[in-house]
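Below: the structure, in structure tokens.
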Amino acid sequence: MTVLDSPEARFDPRTILNLALPAHVLVRLDDGWMPAWLIGRLHCADGWIALVQWIEAGGAERTVRVPAERVLVR
């Protein structure tokens, strides 16, 4: 198990709130961790949501919202 997979790691929203946008981050997707841009952050009733953007291997640009817990500051 790596530090990135550690179940005891606690999310601190200050890690994304203190960043100037856009910011380089790592985002955890189904395929694992990949580099991305954090381009927005939203506070919802159930916590923080991160708006992230990356370019897939085929060159397509993807923009999605993910739980902020899945974002790691590089």
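The values are calculated or read from the model by the stated rules, or taken from the named source; none is laboratory data. Quick caveat, the model's predicted, so the values are computed rather than measured. Please note: Cβ atoms are built from the backbone with ideal geometry, for glycine as well, and neighbour counts cover all protein chains shown.
Details
- If you go through segment 29-43 and keep only what is within 13 Å of residue 70 (Cβ to Cβ) and hydrophobic (A, V, I, L, M, F, W, C), you end up with 29, 33, 34, 36, 38.
- In the set 10, 28, only one residue is among the basic types (Lys, Arg) and at pLDDT below 85; that residue is 10.
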